Every structure is written in C-alpha cells, then in structure tokens.
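Input: a single structure, listed below in structure tokens.
The values are calculated or read from the model by the stated rules, or taken from the named source; none is laboratory data. Keep in mind that what you see is a predicted model, and the values were worked out from it rather than measured. Reconstructed Cβ throughout: ideal geometry from the backbone, glycine too, with neighbour counts over all protein chains shown. The protein model used for the area step is the full one, side chains on, heavy atoms only, and it has no ligands, DNA or RNA in it. Shrake-Rupley method; radii C 1.70, N 1.55, O 1.52, S 1.80 Å.
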Amino acid sequence: MPRVWLLLLVGILGCASSERGSVPAEAPITSEVPMAESLAGTAGETNIAGRNHGEHPRRIIYTANVDVVVEDFEGVPGRVADLAEQFGGYVAGSNVHGQPGHPRRGTWTIRVPVEQYEGLLSEARQLGELRSLTSNSKDVSEEYYDIEARIRNKEKTESRIVALLEEATGNLEQVLMVEQKLDQVREEIERMQGRLRVLTDQTSLATVSITVEQIAGYQSEEEPTYGTRVNRAFRGSLHALITTAANLSIVAVALAPWLAVLAVVSLIVGLIVWIVRQIRRRGRKAQGGAEVPLPAEVVDEG
C-alpha cells in the first residue's frame, strides 16, 4: 500500500509539472503610445486580441506627468486635492518646496480610476500654463491572465495533495515529504496572488503626477522676448544669491560651536608654548652668568 500511495504522489507532482509547462512564461508587454492614442476610448475596457479572443478586458497600467506654471501658488494645493476628490481618486503623495513670498514648487501623485484618467488630465492642465504633458501605458494583460491560470493549476495540485494526505496510510517519512511539497505549492500560490493584487491595483487605478511651479511673468520658452530673458536672468541670479547667502549663514551657525572649541584649544597650546620658551630662555641666561674655571697653565704662572 505505501508503494501505491507513493506512486499516486509522483503522478500528482508530474501533473503539476506538466501544468506549469503548459502555461506561457510571464512576459509583460510595454506599450508607450502618444497622448491622443493612449486616451482614445475608455481606459482599460478594450478586449484582448489573439490569445484571449475577446473574453477578457485588457489590463493596462496608465501613468502620466503634467507640468504647469503659475504666477500665484496660493491655493494650488487645495485645488489639486479637490481635483483628486472630483474624479473619485486620492492624493497618494505630495511634496511642496519654498515658502510664501518666495518662488514655490509642488509635486503631487494622484491615483484615480482608469475611467476618470482622461478627465483628470484634461482638468489638471488647467491649473496653470501647460509646460509639458506625457502619457504612458503598459499592457500587462498577458502577465495578468497567465498568473491567473497558474494559480488555478496550483490550486488543483494543492487539492489533490490534500486529498492524498487525508487518505494516506504510509509511513511518517512519506507523510512529511508530501506535507513539505504541499507547503511549497501553497507558498507559490501566495506569491502569485500577491503579484496579482499588485497588477489589479495598478490597472484599476491610473497614476498621475502633477508638478506646479511658481514663476512670475512666465512666458513660453519657445520665443521669449529680450526683456523676458533679462528678467529671468536677474531673478535667477537674485534667487541664487539669496540661496547662497542663506546656506552660508547656516554653515556659519553650524560651525560656531566648533570654532569656539578650536579657539580655546589654540589659546591653551599657545600658552604652553610660551611657558616652555620662557623656561628655556631663563636656563640659557643662567648658564651664561656662571663663573668659568681658569685653565691650569694660567694658575701656575700666577
């Protein structure tokens, strides 16, 4: 009986191996298309041609970057948050530089349902003067449905191994071997399910990055006038000067405690050197004033 039971186990594992071989390898397809093409139709609702024969919707990851310029930054963070809420999304991250009274810059990452992707882009470009807009799409349909198929095959293997364990009458070594294989299959299932959850999140919510920069009197870079170029050069130089002065003052404040310590140490070292020199000088004077004994020849002549 144990031999028959072991043969059944080998047959199940062999079926599992053949199931893995029947599933195409994971190979995500990347597709970067122009803005007009990427926004044509409703995002994520087209059917897969070829392998899926129109049975499953495409799984596409949509990402975009919107870069606009404004003269007044006040109120921009609130407008961005309202945009995310308006299109049923949320602000996943934000980063704002600068302070009121100085040029400011902010970047926001917004996640919205793919159905609202086009609408959000249309409204985001109205936040200020559009400087650039890029849109990308990545088709992960093949990877997504391949993982689904592999999970189904693994779950079938798991069910057969569990049934075999329930009817097992073999020795302890064989039971432990089967349980080890069952743990391995379940670990593979969990790993694939985790990847599937990531792809589901990425294909159900589009990611839009919005950058807003404050530039007073901004004009398009295509044909700036002479006055605009001079104004930009002056403002850029002034901003660099202010930034440099601020950085130097911060460095000076940071070095102040160390400079004080160095001054005290230098004073102590200087005092020690002066004392040593004074001792040596007095020693030389003492040697010069001492009585010098006369030679023996001079004493005899006297």
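Which residue is farthest from Tyr90 (Cα to Cα), if the candidates are limited to region 177-195 and must be open to solvent by less than 30 Å² (accessible area, probe 1.4 Å) and in contact (Cβ under 8 Å) with a residue 12 or more places away in the chain?
Val178
Across region 158-176, which residue is most open to solvent (accessible area, probe 1.4 Å) among those that are in contact (Cβ under 8 Å) with a residue 24 or more places away in the chain and in a helix (DSSP H, G or I)?
Arg160
Restricting to region 131-157, give me the number of residues that are open to solvent by less than 40 Å² (accessible area, probe 1.4 Å) and of a type in the set (Asp, Glu).
So the answer is 3.
Could you list all residues from region 54-67 that are open to solvent by less than 60 Å² (accessible area, probe 1.4 Å), under 17 Å from Thr203 (Cβ atoms) and modelled with pLDDT under 90?
Pro57
Step by step: first the residues of region 68-88, then only those that are touching a residue at least 40 places away in the same chain (Cβ under 8 Å) and open to solvent by 30 Å² or more (accessible area, probe 1.4 Å), then the one that is farthest from Pro103 (Cα to Cα). Which residue is that?
Within region 68-88, the first condition is being touching a residue at least 40 places away in the same chain (Cβ under 8 Å), and the residues that meet it are 68-73, 76, 79-80, 83.
Still in the list and also open to solvent by 30 Å² or more (accessible area, probe 1.4 Å): 71-72, 79.
On the way: Glu71: 9, Asp72: 9, Arg79: 18 Å.
Within region 68-88, the match that is farthest from Pro103 (Cα to Cα) is Arg79.
Please work out which residue is modelled with the lowest pLDDT, limiting yourself to region 223-245 and to residues that are surrounded by fewer than 10 Cβ atoms within 10 Å (Cβ to Cβ) and not polar (S, T, N, Q).
Glu223
From the list Asp201, Asp300, which residue is acidic (Asp, Glu), part of a helix (DSSP H, G or I) and at pLDDT 90 or above?
Asp201
Being of a type in the set (A, V, I, L, M), under 29 Å from Gln193 (Cα atoms) and touching a Ser or Thr at 6+ places or on another chain (Cβ under 8 Å): is that true of Val140 here?
Yes, satisfied.
Of everything in region 89-116, what is touching a helix residue (DSSP H, G or I) at 6+ places or on another chain (Cβ under 9 Å) and open to solvent by less than 50 Å² (accessible area, probe 1.4 Å)? Give them in sequence order.
Within region 89-116, Gly89, Arg104, Gly106, Trp108, Ile110, Arg111, Val112, Pro113, Val114 meet the criteria.
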